[in-house]
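First the structure, in the form of structure tokens, and then the observations on it.
The values are calculated or read from the model by the stated rules, or taken from the named source; none is laboratory data. The structure displayed is predicted, hence computed values, not measured ones. Heads up, the Cβs are rebuilt from the backbone with ideal geometry, glycines too, and the neighbour counts pull from every protein chain shown.
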Amino acid sequence: MKFSLIDTPIQNFDGDCVVVFTNSEVAVSDSNIQQLIELNNFESKPGTTLLLNLVDGFKATQVVVLGMGDLPNTAKNYIKALTSASSVLNAIKSKSVMIEALDIDDFDENWSHRMAARVLQNANYEIQQVGVDKKDESIESIAIQSSQDDVHEVLKGQAIADGMSLARHLGDLPSNICTPTYLAQTAQDLAKEFNLECEVLEEADMAKLGMGSLLSVSKGSIEPPKLISLSYKGNSNAKPIVLVGKGVTFDSGGISLKPGAGMDEMKYDMCGAASVLGAMRTIAQLQPKVNLTIVVPTVENMPAHNASKPGDVVTSMSGQTIEILNTDAEGRLILCDALTYVEKFNPEVVIDTATLTGAVIVALGKHHCGLMANDQDLADDLLAAGRTSLDSAWQLPLDDEYDELLKSNFADMGNIGGREAGTVTAACFLARYTQGYRWAHLDIAGTAWVSGAKKGATGRPVPLLTQYVLDQAD
Ligand code: BES
Ligand code: MN
Ligand code: ZN
């Protein structure tokens, strides 16, 4: 898909289709569109669309009217309108499209360009069916109305969409295809395409490093575990930002087996990994002046005669011992060794992202990612990045009182903290491994995936992560 910025009146655009907003000054009030809106009993609110053909005064054959209601032009309404526009554009198979400019509250024109490119490019994402060739993109070109001609922000939006597509694709793949080995191959492919440094540690390498916690999860599976690192260097003087992503390619629960209903969805337990790979793709494409390293511990969590059992005690790379009270709290067991491992990169900050707890879905639903941090400045930067990218996070506490719930009689800590505050005790567990650097944790169990009719991966939190990294480059 090719994006451009053009400064012509939208009526004069002679492609297939133009997209206008009900509350825009020009297109709607200067034509008979207002009349057609009334004639069609069109209910104008964010998310509604009206498709018109051969409108007087328009050179394009088709006009898509996006309902905005009388509401202010909030960022959220803008995204809703653009998202519904993209499904209409796909359905009518438009090849060349122009979209009208619209002022958005609290955001500048750069932001609208970036967001329009991101949302419309994302609309081209399709779940790739096993054994079926990828279809061609339907929309070929999109012109955004603007008096400026710097396409920089548009390219950013596209790169973010590309990162999101990679994350969604990996999340949507079934676990018999998307194994730890597959994720390692994906990282190596990215390294080749974008000239990045890639290292993949095998089981024996991890055993040498003393990663007894990570290996206690993978040992019940026939799939070999991997520890992937991928580095982009855009600034020779800076310490790297390190992103760590949970890569459990299937979470059966292990011996603490999960119930059967909806268990298919546990293929998305690698969406933390997918999001850091996606973020790396975006950053490598944009080449900002930062250093970024991503680290992905990846395993499959299965029950087997040689799987870890409740009550087993393991020693992590940090030397701290862990009583595995529940083999389904496996994410923290692989992350803690990865979080010790990343010390070798001398990180500026470390941000991990993980589908870590069902409890975060209870607390925050599907809207905000759960955020916990040992450094308030870092938390504030991430909250701001979430607001700008409309990929928001909400902070939860990390007080010592919660940490006490991890007490074990048989080891330095248990791997669960009981029924209460499950998202916070999971983060408290990780916090015991991140004391050497500024660290934040994003629990994305609620936001990385949607269930129901639109079942699939969302590509979150690629927008938040990339916004944060790009902010650090400015
Ligand atoms: N991968 C799950 C968390 C999860 C649950 C992600 C639902 C997406 C949807 C994680 O490994 C897990 O099983 N967590 C347990 C922790 C519990 C045993 C303390 C949970 O949330 O139930
Ligand atoms: Mn689990
Ligand atoms: Zn899990």
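Here are a few things to note about the model shown:
- Residue among Val65, Val97, Val55, Val88 that is assigned by TED's automatic domain parsing to the domain that holds Ile142 and touching an Asp or Glu at 6+ places or on another chain (Cβ under 7 Å): Val97
- Candidate set from segment 297-323 (those that are under 26 Å from Pro240 (Cβ atoms) and of a type in the set (A, V, I, L, M)); member that is surrounded by the most Cβ atoms within 10 Å (Cβ to Cβ): Val299
- Set Leu378, Leu396, Leu442: member being touching a strand residue (DSSP E or B) at 6+ places or on another chain (Cβ under 6 Å), modelled with pLDDT of 95 or more and within 16 Å of ligand 3 (Cβ to nearest atom): Leu442
- Ile294 falls short of the stated requirement of being surrounded by 23 or more Cβ atoms within 10 Å (Cβ to Cβ), touching a residue at least 24 places away in the same chain (Cβ under 8 Å) and either of a type in the set (Ser, Thr, Tyr) or within 11 Å of ligand 3 (Cβ to nearest atom) (or both).
- Selection status of Ser236, away from ligand 1 (no atom under 16 Å from the Cβ), over 21 Å from the mean Cα position of the chain (by Cα) and not charged (D, E, K, R): yes
- Phe107 touching a Leu at 6+ places or on another chain (Cβ under 7 Å) and either among the hydroxyl-bearing types (Ser, Thr, Tyr) or assigned to a loop (DSSP other than H, G, I, E, B) (or both): no
- The listed residue being outside any strand (DSSP E or B), surrounded by fewer than 19 Cβ atoms within 10 Å (Cβ to Cβ) and among the small types (Gly, Ala, Ser), out of Gly459, Gly436, Gly386, Gly446: Gly436
- Count of segment 256-278 residues which are among the β-branched types (Val, Ile, Thr) and within 14 Å of ligand 3 (Cβ to nearest atom): 0
- Per-region count, segment 47-58, residues assigned to a loop (DSSP other than H, G, I, E, B) and at pLDDT 95 or above: 1
- Every test in (1) at pLDDT below 95; (2) surrounded by 15 or more Cβ atoms within 10 Å (Cβ to Cβ); (3) within 22 Å of the chain's Cα centre (by Cα) is passed by Gln128 save one, and that test is (2).
- Residue tally, condition in contact with an Asp or Glu (Cβ under 7 Å, 6 or more places away or on another chain) and closer than 29 Å to Glu348 by Cβ, over segment 274-321: 7
- Of the residues making up segment 177-190, just one is crowded, with 19+ Cβ neighbours inside 10 Å, among the β-branched types (Val, Ile, Thr) and not in a loop (DSSP other than H, G, I, E, B), namely Thr186.
- Residues of segment 70-88 satisfying the condition of being in contact with a helix residue (DSSP H, G or I) (Cβ under 8 Å, 6 or more places away or on another chain) and not β-branched (Val, Ile, Thr): Leu71, Ala75, Tyr78, Leu82, Ala85, Ser86
- One residue from Ala274, Ala204 being over 27 Å from Gly456 (Cβ atoms) and assigned by TED's automatic domain parsing to the domain that holds Leu464: Ala204
- Top-ranked residue in segment 199-255 [being polar (S, T, N, Q) and within 16 Å of ligand 2 (Cβ to nearest atom); ranked as nearest to Pro180 (Cα to Cα)]: Thr249
- Residue among Gly210, Gly220 that is of a type outside the set (Ser, Thr, Tyr) and within 27 Å of Asn346 (Cα to Cα): Gly210
- Residue selection: Ala273 satisfies the criterion of being of a type outside the set (Asp, Glu), crowded, with 24+ Cβ neighbours inside 10 Å and within 16 Å of ligand 2 (Cβ to nearest atom).
- Residue in segment 324-342 that is surrounded by the fewest Cβ atoms within 10 Å (Cβ to Cβ), counting only those that are polar (S, T, N, Q) and within 11 Å of ligand 1 (Cβ to nearest atom): Asn326
- Only residues that are in contact with a His (Cβ under 9 Å, 6 or more places away or on another chain) and either buried (at least 20 other Cβ atoms within 10 Å of the Cβ) or among the β-branched types (Val, Ile, Thr) (or both) were counted across segment 147-171, and they come to 5.
- The number of residues in segment 12-42 being assigned to a helix (DSSP H, G or I), touching a helix residue (DSSP H, G or I) at 6+ places or on another chain (Cβ under 7 Å) and at pLDDT 85 or above comes to 2.
- Scan of segment 343-364 for residues that are surrounded by fewer than 17 Cβ atoms within 10 Å (Cβ to Cβ) and either within 16 Å of ligand 2 (Cβ to nearest atom) or within 16 Å of the chain's Cα centre (by Cα) (or both), ordered by number: Gly358, Val362
- Residue list for segment 136-146, filter: surrounded by fewer than 23 Cβ atoms within 10 Å (Cβ to Cβ), aliphatic (A, V, I, L, M) and in contact with a helix residue (DSSP H, G or I) (Cβ under 7 Å, 6 or more places away or on another chain): Ile139
- All of (1) within 16 Å of ligand 3 (Cβ to nearest atom); (2) at pLDDT below 95 hold for Gly418 with one exception: (1).
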